[in-house]
Amino acid sequence: MKYVALLMVLVAPSALADRVIHTERSLYRNIAVIEDGDTRCLTFTSKRRNSRQSCIDLEEPDRLVLPYLPMVFAGLTVNPQPQSVLIIGLGGGTIADVFGALYPGIEVDAVEIDPAVVDVAREYFGYSERPGATVHVRDGRVFVRRATRERKRYDYIVLDAFNGDYIPEHLMTADFLKECQQLLTENGVLVANTFSSSRLYDSESQTYATVFGDFLNLRRRLGNRVIVAAADGR
């Protein structure tokens, strides 16, 4: 099955050349698509090498290129058969694609504030909604608040609005995380791609501990960290 063997492999990143194949200024950011050999990446600036949001291998499109991605699926050890997934931050659509490949027909709500990112994901990264998947062009906090009022529930929530420089402030508050917690099913799990080191590291960790209790803190020697928190704090 696609991706299954890849979930346990952390793929080392490769350096990127500055061959830009697409640039645009959206309402929210500078967007660039760059290529180095067979690797194509989405960045939110054409100058910073560490701002890669999503990458694909053009020769092996099922390969997980960015090293944090396998850690995003570590929550499957807590809930191995999710029926519904919420993803905040689409990027190139890789995470949504993997869930769709592993669990055909799974309900996936992918929320992306920037319509230009959605267009780029479709045109340059081959993203298309599989059966059961929907892209919502909306602010993540607004979507979560509305979903809470509508009593929606998800088995798996991925917070991936991290762009290399910052996470939107309103997506880091205890209030937001509590709303996400309310969206989780009894055996649900939340996974967040976040800082490996910053002045906010300790305060962010404390916020997650306040809301979820114990959580897993996954890190590689280089790159981001991924937080895994269960609905019941186990």
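The values are calculated or read from the model by the stated rules, or taken from the named source; none is laboratory data. All values derive from a computational prediction rather than experimental measurement. Cβ: placed from backbone, ideal geometry, glycine included. Neighbour counts: every protein chain shown.
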Here is a list: Y208, Y127, Y154. Which entry is under 30 Å from V20 (Cβ atoms), in the same structural domain as G91 (by TED's automatic domain parsing) and of a type in the set (F, W, Y)? Y127
Just for region 18-31: of the residues that are touching a strand residue (DSSP E or B) at 6+ places or on another chain (Cβ under 9 Å) and surrounded by 12 or more Cβ atoms within 10 Å (Cβ to Cβ), which one is modelled with the lowest pLDDT? N30
I'd like to know if region 130-140 contains one or more residues that are in contact with an Asp or Glu (Cβ under 6 Å, 6 or more places away or on another chain), modelled with pLDDT under 95 and not polar (S, T, N, Q). yes
Report whether or not I95 is assigned by TED's automatic domain parsing to the domain that holds P168, at negative phi and part of a helix (DSSP H, G or I). yes
Could you look through region 32-81, keep only residues that are surrounded by 14 or more Cβ atoms within 10 Å (Cβ to Cβ) and of a type in the set (G, A, S), and pick out the one that is nearest to I167 (Cα to Cα)? S51
Please determine, by comparing only the residues of region 139-193 that are surrounded by 22 or more Cβ atoms within 10 Å (Cβ to Cβ) and β-branched (V, I, T), which one is nearest to C55 (Cα to Cα). V158
So which of F176, F212, F162 is within 15 Å of the chain's Cα centre (by Cα) and either modelled with pLDDT of 95 or more or on the phi < 0 side of the Ramachandran plot (or both)? F162
Within region 97-121, track down each residue that is surrounded by fewer than 16 Cβ atoms within 10 Å (Cβ to Cβ) and without any contact (Cβ under 8 Å) to a residue 40 or more places away in the chain. P104, G105, D119
Flag if R149 is under 25 Å from Y103 (Cβ atoms), more than 16 Å from the chain's Cα centre (by Cα), among the basic types (K, R) and in the same structural domain as S205 (by TED's automatic domain parsing): no
Any idea how many residues of region 192-208 are part of a helix (DSSP H, G or I) and of a type outside the set (S, T, N, Q)? 4
